[in-house]
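Asker: Handing you this structure, nothing more for now.
FYI, it's all coordinate maths here, none of it is from the lab. For clarity, every value in this text was computed on a predicted model and none was experimentally measured. Here the Cβ positions follow ideal geometry from the backbone for every residue, glycine too, while neighbour counts run over all protein chains shown.
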Amino acid sequence: MNLNILCLYPNMMDLYGDNGNIEIIKYRANKRGIDVNIDSYTINDEEPDFYNYDLVFLGGGSDKEQKVVSKDIIKYKKQIERSINLGVFYLLICGGFQLFGKYYKDSEDNIIEGLNIFDFYTESSTDKKERCIGNIVISSKIGNKNIEILGFENHGGQTFNTDKPFGKVLYGNGNTFKNEYEGLMTENVIGTYLHGPLLSKNPELSDYIIKYCLERKYKKNINLSKLDDEFEIIAKKEMLDKLLTKSNV
Ligand code: GLN
């Protein structure tokens, strides 16, 4: 079995090591004997065949990078939208997530056009100091289980009009300052403000994505073998205990 991954604009959209998420997928898949091919696409490269991938990844970026990427990615709106409709999994972090909505108004009031695949939009305060920064915990339904997902957020953009959140905020901000909800999740798209990298902190989520991609590709039920996540579990528990104790909430 193999997984085919496309990493979009890795040279520009990699805030806080977001591309590490793909390393995690590769590591966890390889441990189970699943081969992983990772291609990247950036400005001036040949058009990628979006339909050929199981997973497409886009990380976060600063306003400056988002502006440049927006102009390029919009050329592929049709292909991206169609591949989402065909079930290709998209994992989108922060600035990458914002680019899939209607628009992003940056801290200098410039409108950066989004792909307009989803109905949400994002606006930043013109006061550059007004940002949602810090650890965040959300409760999210992954498969048929509610799990706590841990990450780190750092965004000026406030995202409005999301109707299918990735999770309920237990600690931190979410889509806007002190929001009840975070991100966006459909069957095959996760858009989130959680950096971290997200998947190293939340192995359950990595496996959910691997399983989804393999089941879609091979059209059969896949049971991933268990990995030794002892340290990941201890590290996560330590942070959750710290953040979710009553005095902190
Ligand atoms: N530039 C965007 C914002 O500040 C996204 C930042 C990010 O990707 N961390 O909201």
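Asker: Given C-alpha coordinates of the range 1-47, what is the ratio Rg to Rh with the Kirkwood estimate of Rh?
Answerer: 1.03
Asker: Please compute the length gained on full extension between Lys217 and Asn110, using 0.36 nm multiplied by the number of residues separating them and subtracting their Cα-Cα distance.
Answerer: 34.5 nm
Asker: First select every other residue whose beta carbon is under 13 angstrom from the beta carbon of Glu215; then total the charges, Lys and Arg +1, Asp and Glu -1.
Answerer: +2
Asker: Additional query: Show me 220-226, 6-12 ranked by packing, highest mean number of other Cβ atoms within 10 Å first.
Answerer: Top of the packing list down: 6-12, 220-226.
Asker: By a straight-distance test (C-alpha under 21 Å), which lysines pair with Lys75 as possible cross-link partners, with residues fewer than eight away in the same chain excluded?
Answerer: Cross-link targets: Lys64, Lys67, Lys102, Lys105.
Asker: Please work out the Kirkwood hydrodynamic radius for the range 210-249, using every pair of different C-alpha atoms, and report it in angstroms with one decimal place.
Answerer: 12.9
Asker: With a 10 Å Cβ neighbour count serving as the proxy for reagent exposure, in which order, fewest first, do Phe166, Phe231 appear?
Answerer: Starting with the residue having the fewest Cβ neighbours, the order is Phe231, Phe166.
Asker: Taking Cα atoms of the range 91-134, Rg/Rh with Kirkwood Rh, to two decimals?
Answerer: Taking Rg over the Kirkwood Rh, I get 0.99.
Asker: Relative contact order (percent) for the chain, with alpha-carbon contacts under 8 angstrom and 6 or more residues of separation?
Answerer: 18
Asker: Give the dimensionless ratio obtained when the Cα radius of gyration of the range 120-249 is divided by 2.2 N^0.38 Å.
Answerer: That ratio works out to 1.12.
Asker: Within straight cross-link reach of Lys237, meaning Cα distance under 25 Å, which lysines are found once same-chain residues fewer than 8 apart are removed?
Answerer: Filter leaves Lys26, Lys31, Lys141, Lys145, Lys168, Lys178, Lys201, Lys211, Lys226, Lys246.
Asker: Then there is this: Let me know the Kirkwood hydrodynamic radius for the chain, please, with Cα pairs as the basis and the value in Å to one decimal.
Answerer: 18.2
Asker: Tell me, what is the percent relative contact order of the range 132-197, built from C-alpha pairs under 8 Å that lie six or more residues apart?
Answerer: 33
Asker: Could I get the Rg over Rh figure for the range 24-167? Both from C-alpha atoms, Rh via Kirkwood, rounded to two places.
Answerer: 0.97
Asker: So how do Ile74, Ile80 line up by other beta-carbon neighbours within 10 Å, fewest first?
Answerer: Neighbour counts put them in this order, fewest first: Ile74, Ile80.
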